[in-house]
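Asker: So that we are looking at the same thing, I have put the structure below in structure tokens.
The values are calculated or read from the model by the stated rules, or taken from the named source; none is laboratory data. Worth saying up front: this structure is predicted, and the values here are computed from it rather than measured. No Cβ is skipped: glycine too gets one built from the backbone with ideal geometry, and neighbour counts run over all protein chains shown.
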Amino acid sequence: MGGERKYDIGGVAVANPIWLAPLAGITTETYRSLHAQLGAALVHTEMVSAAGLSRENGKTARMIGGRCGVPIVLQIFGPDADTMARGAECALAMGRFDAIEINMACPMPKVAKKSGGASMLFFPDESCRTVADLKRFGLPVWAKIRKTEPGRHPLSTVDFCAALMDASADLIIVHGRTPAQRYEGASDREAVTSLAVKFPGLISASGDYYVPDDAKAYLDGGCVSVLAARGAMRDVFLIPKTLCALGFPANEKYLNMPVPDQINLLAETGREAVRNEGERFAVIMVRKLLSGMLKGISGVSRLREDCAFQKDWASLEKILTTFAEAGKKIPVSRSQSGLRPQPKINNALTSDIL
Ligand SMILES: Cc1cc2nc3c(=O)[nH]c(=O)nc-3n(C[C@H](O)[C@H](O)[C@H](O)COP(=O)(O)O)c2cc1C
């Protein structure tokens with residue numbers, strides 16, 4: 001991808017505005033590499049506990065390790081500015097990152113109960129102190145937030161963003177659901193784009209990006225980038241389809257991939273996951289990826305069922321290669337080619353949609 005046009009977004013040089021979101025338990029080194037290969041111009045680590053980083057154990061180091069040829073953002077969560085700064089310092093000693101992002105968005109009790117994640121929306125002063133403190137590492141500092149709720153949070157989303165920017169945040173990613181919504185209901189796109197208009201060049205979008213037009217609407221509304229999350233889990237090729245639809249350079253081979261090539265991509269990703277994250281994780285990851293691939297291909301439901309019972313990589317790989325051999329005769333359907341919009345899916349965590 002050398003020599004291509006770069007955009008400066010939030011202090012990071014990127015090739016396009018379509019990025020991979022942080023996804024706990026999913027955006028491992030292998031998953032990040034896969035999406036970088038598919039065209040994401042920037043990837044996130046999954047959220048990492050700042051306190052865990054300070055107590056460094058091998059597991060945390062593995063969560064954030066590895067480069068994949070595109071900028072990588074370290075996302076951390078923690079209860080206060082001091083813990084975050086200590087955690088960031090440890091992470092930066094372990095690896096190279098292009099920005100540090102503070103998770104002010106996670107509503108799950110495991111994170112939010114300890115004043116981290118979306119709980120930070122209740123404490124604007126500490127949130128701002130955290131941003132300001134992290135600037136000492138010389139990297140851009142980003143925050144990922146959710147829409148706040150009037151009457152529940154002390155500041156409106158606009159005022160919370162303004163405060164973070166006064167504290168020198170370089171970029172704010174806004175997920176247009178409130179913490180109370182968790183991952184249910186619609187994400188408020190209008191709330192995100194109205195922030196983008198108020199803070200030009202400083203707002204990225206997250207929420208309900210399932211088809212290229214969703215990303216287009218965010219970008220047309222003034223957002224500087226869009227994060228692929230459940231949409232990319234549902235359709236592994238969402239990012240290259242979006243790049244093509246929006247006129248950014250995209251690798252054509254991912255737009256109309258024959259069945260055996262999709263299986264080879266899957267198997268190669270599985271082998272990389274065995275090396276990076278271990279066999280158990282690789283098997284789970286490949287089964288999840290499979291649910292977002294080969295849509296509309298005959299026999300795929302059966303393939304998914306067969307794969308669901310495999311516990312070791314060798315058996316899973318054998319099933320995949322057998323299917324690929326048979327698939328050499330199967331043409332790619334029009335719905336797979338990216339020429340037609342994909343159906344909008346609201347609950348992307350539900351598994352097989354065939
Ligand atoms: C399984 C899963 C794990 C997630 N993990 C994180 C995380 O570690 N950090 C974070 O900021 N957001 C996390 N999110 C939220 C996503 O990054 C994204 O903001 C959210 O899913 C909204 O986008 P969507 O509606 O397009 O899925 C996670 C979401 C899901 C579904």
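To keep it simple, each residue is scored yes or no on (1) of a type in the set (A, V, I, L, M, F, W, C); (2) out of contact with any helix residue (DSSP H, G or I) (no Cβ under 8 Å at 6 or more places or on another chain); (3) without any contact (Cβ under 8 Å) to a residue 12 or more places away in the chain.
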position	(1), (2), (3)
Glu268	no, yes, yes
Val274	yes, no, no
Ala282	yes, no, no
Ser291	no, no, no
Leu303	yes, no, no
Ala308	yes, no, no
Trp313	yes, no, no
Leu316	yes, no, no
Phe323	yes, no, no
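Asker: Does at least one position in the stretch 254-277 carry a residue that is assigned by TED's automatic domain parsing to the domain that holds Met63 and among the acidic types (Asp, Glu)?
Answerer: Taking every residue of the stretch 254-277 in turn, none turns out to be assigned by TED's automatic domain parsing to the domain that holds Met63 and among the acidic types (Asp, Glu).
Asker: Could you pull out the residue among Gly185, Gly201, Gly222 that is on the phi > 0 side of the Ramachandran plot and within 16 Å of the ligand (Cβ to nearest atom)? Even if it seems obvious, please write down each step before you answer.
Answerer: Details: Gly201 fails: within 16 Å of the ligand (Cβ to nearest atom); Gly222 fails: within 16 Å of the ligand (Cβ to nearest atom).
Checking each option against the conditions leaves just Gly185.
Condition check ((1) part of a helix (DSSP H, G or I); (2) within 12 Å of the ligand (Cβ to nearest atom)) across all residues:
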position: Asn16; (1), (2): no, no
position: Ala61; (1), (2): yes, no
position: Val70; (1), (2): no, no
position: Glu89; (1), (2): yes, no
position: Asn103; (1), (2): no, yes
position: Lys114; (1), (2): no, no
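Asker: Right, something else. Return the only residue of Ile9, Ile26 being out of contact with any strand residue (DSSP E or B) (no Cβ under 9 Å at 6 or more places or on another chain) and surrounded by 14 or more Cβ atoms within 10 Å (Cβ to Cβ).
Answerer: Ile26
Asker: Can you tell me which residues in the stretch 21-35 are near the ligand (Cβ under 6 Å from one of its atoms) and small (Gly, Ala, Ser)?
Answerer: Ala21, Ala24 - these are the residues of the stretch 21-35 that are near the ligand (Cβ under 6 Å from one of its atoms) and small (Gly, Ala, Ser).
Asker: Shifting gears a bit: Kindly indicate which of Ala169, Ala143 is in a loop (DSSP other than H, G, I, E, B) and under 21 Å from Ile76 (Cβ atoms).
Answerer: When all the criteria are applied, what remains is Ala169.
Asker: From the list Ala245, Ala215, pick out the single residue that is in a helix (DSSP H, G or I), in contact with a strand residue (DSSP E or B) (Cβ under 6 Å, 6 or more places away or on another chain) and in the same structural domain as Ala36 (by TED's automatic domain parsing).
Answerer: Checking each option against the conditions leaves just Ala215.
Asker: Moving to a separate point now. The conditions are (1) within 15 Å of the ligand (Cβ to nearest atom); (2) buried (at least 21 other Cβ atoms within 10 Å of the Cβ), and Gly39 fails exactly one of them. Which is it?
Answerer: The failed condition is (1).
Asker: State all residues of the stretch 55-77 that are crowded, with 18+ Cβ neighbours inside 10 Å and either outside the structural domain of Thr30 (by TED's automatic domain parsing) or of a type outside the set (A, V, I, L, M, F, W, C) (or both); if no residue qualifies, say none. Spell out the reasoning first.
Answerer: In the first step, residues of the stretch 55-77 are kept if they are crowded, with 18+ Cβ neighbours inside 10 Å; the result is 60, 63-64, 68, 70-77.
Once the filter is applied, which keeps residues that are crowded, with 18+ Cβ neighbours inside 10 Å and either outside the structural domain of Thr30 (by TED's automatic domain parsing) or of a type outside the set (A, V, I, L, M, F, W, C) (or both), the stretch 55-77 yields Thr60, Pro71, Gln75.
Asker: Considering only the stretch 146-161, state which residues are part of a loop (DSSP other than H, G, I, E, B) and over 16 Å from Glu190 (Cα atoms).
Answerer: Pro150, Gly151, Arg152, His153, Pro154, Leu155
Asker: Picking from Ala132, Ala169, which residue would you name as being surrounded by 23 or more Cβ atoms within 10 Å (Cβ to Cβ), assigned by TED's automatic domain parsing to the domain that holds Tyr209 and small (Gly, Ala, Ser)?
Answerer: Details: Ala132 fails: surrounded by 23 or more Cβ atoms within 10 Å (Cβ to Cβ).
Only one candidate passes the filter, namely Ala169.
Asker: Kindly indicate which of Phe123, Phe97, Phe137 is within 16 Å of the ligand (Cβ to nearest atom), surrounded by fewer than 24 Cβ atoms within 10 Å (Cβ to Cβ) and under 19 Å from Ser49 (Cα atoms).
Answerer: Answer to the check: Phe97.
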